[in-house]
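In what follows, a structure is listed as structure tokens, so that the remarks can point back to it.
Any read-out appearing in this document is the output of simple, stated calculations on the displayed coordinates, not a laboratory observation. Quick caveat, the model's predicted, so the values are computed rather than measured. As a convention, Cβ positions derive from the backbone with ideal geometry for all residues, glycine included, and neighbour counts pool all protein chains shown.
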Amino acid sequence: LCRGGLAERLCQLQNRERSAISFWRHQCLSDDKIPSDKSGVLIVKILEIFEECTIQVAICQQLEQSSAMLSHEDAVINAEEPILKVLFTRETAAHLKSRPQDVIHIYPPWQKLLLQNADVPVIMNTHFSQKVLLSEHSEARERTYGLTKMLIRKNIISLAQTFRLDDFDDKLHQESSDNQVPCAPQTHKNSDSKQRPSALSAVNDSLLEMVESQGAVGWREVQVRVIIQRVYCLPAREGYRSHTRGNQPLCATPVANSRPPNVRLCLLVQDAYGMFSEVQLQSLSSTDDIEQYCRRWEGKSCCLAGMKILQRTTRGRALGLFSLIDSLWPPVVPVKVPGQSQDSEMMTTNIPPPSFCYILTVQSGEIHVEVDEEEQISNLYQPPAVHGLKEILRMDGCNERCSFWAQVLYQRLQSKHSVPIDQREMLLFVTDSTLQNVVHGIPRVVAVSVTASCVLSMEIKEALSADSRLVFFKDALWGNGRIICVERTVLLLQKPLLCSAAGADLSELTGPVRLDELDSTTQANSICALRGTVVGVNESTAFSWPTCNRCGNGKLELCPQDRELLYCNQCSEVVTTPVLKMQLEVFLSCPSLFESTVKVKVWHEISMALFVLLTLLLFLQTYEVQSVLGKEVGLLNCYVHSVTSHPNCVVLEEIVLL
């Protein structure tokens, strides 16, 4: 909004009005009594209620102070007392839960409007209204009615009737029972599986309207229908225990005196106006549940109730969230525009992307989210657009979300010893058919950085530690020549049921994987193939050590019972057949790098090309180093630790691909 403009001033006025109303209601509840000051108070008794243009209209009879002190049943309707038409906004009506025969006190500043050619005055600006319960019998009656549903007649007024057109259809404004909506919650038994929380109240379709009308405290009597665009996990900040059964609504209650779970299930939802919101639900007992939630919920509509605002964030504060929102913008189908005619040609063009987003969270002990899993996929849903890696590497944008299907060849945990293992960044080296078929100019293998904020399921971790797997990377971040898995990125072993390939080549690899050979364009923190001639050996760094053949533990001890055997503390068992691992630094001369020295750390028992050479050097110690020099080596798969130009040196480490 322009600073000092009319829109900003109106917004400030509306905020002050909402604050004044909330404060007044809170004061009435705290005092637990009717305000004593009766000057200017309008006292009415409701005779009839109906709804028109989202406004609740109550036909009332004005009462004097003496008759107002009587109970509902004792108050006699006097024909001489004036009849009024009182207008209540939707928020005020939801607060009052009025019924016929209720007595309402309307406090200033209410206004009376006298219409031409109308005998009944209209009372407006009724925000400061309070229902009066004058006896114990009335309170018992109110508690009974509060558990039942009352249908309110809804008058549908057509635009033709409003503008007095001659050809309007009489059927548009007839009052039918199908257009009646509930104004109070309806009780339902748990055994009634067909009963839905939508019976609690009328369902809205605007997130922004719900936030503005309900405030930050929480949504009590209202719901909003949205579309689930994405399902993902975020690191949990609070401990919540979840209760989910099939299609039943999700509930979450805080866990007392328990260890907080690791991750929280989150939804990125969008309403009919294109507004986005992130809903943080309960913590998951297992990260493996994320894949089933993605398959079951994405693209489906759901009703949100019992939410509260955790934060209002903007583009500058949450770049990661808005990069995901930008990937879903503009909408694929027309969306509603507040205050404009719903012309389909003007609803998807020239609409700016959202500049703010509300982070919603659940309120404990209430119904929060109901997903209709049997419903068809919404037209507003945008499935992930899958691209080939070659196409992604040619993108010009920065901080763009991308999804791809790739073969993981090698994984490596970044060696920052000051950082805990579960908080270290991991590199996944991946490829696909679009890269393997490249002749020149684009690498055959790319590194994908997986940050600690990206939640990986145990299924993904176990699969990557076992062998090479095809993995679907959903909503990864591309920018500055890197692919990064950050918050809200999801890794799956199965491709989603709905995804847009956009003409990309997604065929699986059929032949052996080829790596780029080491040359002048090779960068640090990449993998390559190496061939060359041995020109030197660093004997001072050569060593070997035994490891456990079961868990790989390299810190074995002598067995207390038998000093000739080794013992593993992690397995708590004797190691009878230890695996011997070795390390040696070898200097090579490579034809692709004439003026550079290539140092290769050959270690473990994995080297087939240098295995015999290592064995003789490290253990027999009778092999002359001079006889090793000049030996041809290749092709070795290596990880590039560093590349320096002064002096020209490349440090590599031999690796084994998955």
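Structure data summary
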{"item": "Scaled radius of gyration (Cα, divided by 2.2 N^0.38 Å) that region 389-492 gives", "result": "1.05"}
{"item": "Estimated inter-spin distance, LYS336 and ASN480, nm [label 7 Å along Cα→Cβ]", "result": "4.2"}
{"item": "Out-of-range pairs (alpha-carbon distance over 20 Å; input LYS601/LYS631; LYS154/LYS308; LYS461/LYS495; LYS390/LYS601)", "result": "LYS154/LYS308; LYS390/LYS601"}
{"item": "Simple Cβ-charge dipole of region 389-492, Lys/Arg +1 and Asp/Glu -1, about Cα centre, in debye nearest 20", "result": "200"}
{"item": "Cβ charges +1 (Lys, Arg) and -1 (Asp, Glu), total dipole of region 278-330, debye", "result": "300"}
